[in-house]
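A short write-up of the structure that comes next.
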Amino acid sequence: MASSIANQRDRKTTVKRPWKHRETTVNLKRLGILLSGRGSNFLAIADSIAEGRLTAEIAVVISNRVDAPGIAAARERGFNAQVLASKGLDREIYDRQLIHILRENQVDLVCLAGYMRLLSGHFISEFRARIVNIHPSLLPAFPGLDAQHQALEHGVKFSGCTAHFVEEGLDSGPIIRQAVVPVEDGDTVESLSARILMEEHRIYSQAIALVLSGRFRIDGRRVIAG
Ligand code: GRF
């Protein structure tokens with residue numbers, strides 16, 4: 001699989017760099033964030049950009065749920081925040097509308113950030129190798145819902161999180177980055193989830209930066225940087 005982000009047509013965006021005397025023109029890749037809930041990973045990405053750790057811009061934030069706190073946070077921060085309610089809609093019909101909004105906003109990379117809906121094959125083929133996700137376990141262990149609960153039930157001593165490309169199978173695409181979180185004897189789902197979440201916030205932006213840089217190749221299932 002080739003890195004298709006790097007092949008995207010470059011757009012020039014003028015940004016003010018406070019440490020420079022003149023405005024400079026750089027190419028900012030455009031992120032489309034999809035979320036369904038709290039939105040802490042979206043906010044971590046926004047902070048990484050604001051703090052200069054990730055060179056990108058958030059073109060649009062889309063929620064499939066009207067009441068997602070993440071979309072309220074996006075609005076408060078002045079992002080282009082849109083709700084496209086999915087309830088009762090056929091998956092592919094919904095995804096076609098989603099693709100329309102993402103294209104309208106010239107999105108280069110789709111970042112799932114707690115997006116609680118499976119993507120159709122059509123969506124995945126439209127954004128092939130340009131969709132990433134963050135999952136709260138060390139994949140391929142514990143895919144799907146309630147990964148932290150699954151980890152505790154299984155009795156693993158180490159869990160963590162995984163940033164990965166999205167393919168047709170559930171939580172199955174090539175792994176971009178992982179972080180390990182030791183499980184403590186007294187852990188509950190809440191305490192383990194909280195420690196994993198801190199690592200999610202850290203590695204997701206790093207994974208996005210790598211993908212946007214185009215400085216990697218995919219050899220079989222292995223994402224190799226450099
Ligand atoms: C995170 O644990 C993420 O790994 C999973 O869904 C949760 C979303 O949390 N995919 P938030 O909405 O980003 O706070």
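Bear in mind these aren't lab numbers, they're just calculated from the coordinates by the rules spelled out. Note that the structure is predicted; figures quoted are calculated from it, not measured. Positions of Cβ are generated from backbone atoms using ideal geometry, with glycine treated the same way; all protein chains shown enter the neighbour counts.
Values as computed for the structure displayed
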read-out: Built amide H within the under 5 Å cut-off of Tyr115, gap 5+; value: Ser36
read-out: Neighbourhood charge, 15 Å Cβ-Cβ cut-off, centred on Ile45 and excluding it, Lys, Arg +1 and Asp, Glu -1; value: +1
read-out: Cα-based shape type of the chain, given that a ≥ b ≥ c are square roots of the gyration tensor eigenvalues and the cut on a/c is 1.5; value: rounded
read-out: Which of Thr55, Thr162 has the fewest Cβ neighbours within 10 Å, and the rest in rising order; value: Thr55, Thr162
read-out: Nearest-0.05 FRET efficiency for Glu57 and His100, computed from C-beta distance (R0 22 Å); value: 0.65
read-out: J(HN,Hα) series, segment 175-183, from Karplus relation 6.51 cos²θ - 1.76 cosθ + 1.60, nearest Hz, glycine and proline x; value: 7, 8, 7, 9, 9, 9, 10, x, 8
read-out: Calculated FRET value between Asp90 and Leu170, using beta carbons and R₀ = 22 Å, to 0.05; value: 0.70
read-out: Computed magnitude of the charge dipole of the chain (debye, nearest 20; Cβ of K, R +1, Cβ of D, E -1); value: 1180
read-out: Using θ = phi - 60° and Karplus 6.51 cos²θ - 1.76 cosθ + 1.60, couplings along segment 184-190 (whole Hz; Gly, Pro as x); value: 9, 4, x, 5, 10, 4, 5
read-out: Fewest-first ranking of Phe165, Phe216, using other Cβ atoms within 10 Å as the exposure measure; value: Phe216, Phe165
read-out: At 0.692 mPa s and 37 °C, Stokes D of segment 25-118 from Kirkwood alpha-carbon radius, µm² per second; value: 246
